[in-house]
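The block underneath contains the structure these notes are about, expressed in structure tokens.
The numbers here are math on the coordinates, done by the rules we state, and not lab data. Predicted model only: the values in this text are computed from it and were never measured. Please note: Cβ atoms are built from the backbone with ideal geometry, for glycine as well, and neighbour counts cover all protein chains shown.
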Amino acid sequence: MVKIDKSILWAAMGDQAAMTVLRQTVSMLKALNKRIVVEGVETAAMLTAAEEMGCGYVQGYYYSHPLTQENFVSFMRESLSQSHAG
């Protein structure tokens with residue numbers, strides 16, 4: 001698995017040349033059968049860009065700020081109970 005640093009994503013969101021470099025990097029990694037995680041996803045636009053490039057994993061404040069182990073377990077329990085309620 002290869003992790004793409006948030007600074008690369010953030011630069012790409014504001015600069016077409018940086019976006020081209022990011023897209024080509026992701027394309028190369030996919031051709032090498034690497035799984036890709038993009039960190040620093042903070043907005044819907046960043047998520048869309050990562051998804052459109054075919055990145056399999058994202059992490060960032062768009063989903064959640066860092067959680068303690070206790071808070072993570074509580075969050076997962078709540079999420080699971082809500083998914084089974086409907």
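Looking at VAL26, VAL58, just one residue is out of contact with any Lys or Arg (no Cβ under 6 Å at 6 or more places or on another chain), surrounded by 15 or more Cβ atoms within 10 Å (Cβ to Cβ) and not in a helix (DSSP H, G or I), and that residue is VAL58.
What's the total number of residues in the stretch 61-86 that are in a loop (DSSP other than H, G, I, E, B) and either loosely packed, with under 10 Cβ neighbours inside 10 Å or among the polar types (S, T, N, Q) (or both)?
Keep residues of the stretch 61-86 that are in a loop (DSSP other than H, G, I, E, B), which gives 61-68, 86.
Now restrict to residues that are either loosely packed, with under 10 Cβ neighbours inside 10 Å or among the polar types (S, T, N, Q) (or both): 64-66, 68, 86.
Matching residues across the stretch 61-86 total 5.
All conditions but one from (1) surrounded by 13 or more Cβ atoms within 10 Å (Cβ to Cβ); (2) in a helix (DSSP H, G or I) apply to VAL37; the one that does not is (2). Taken over the stretch 1-23, the residue count meeting the criterion of being of a type in the set (Lys, Arg) and not in a helix (DSSP H, G or I) is 1. Residue check: is THR20 more than 21 Å from HIS65 (Cβ to Cβ), more than 12 Å from the chain's Cα centre (by Cα), surrounded by 15 or more Cβ atoms within 10 Å (Cβ to Cβ) and among the β-branched types (Val, Ile, Thr)? The answer is no for THR20.
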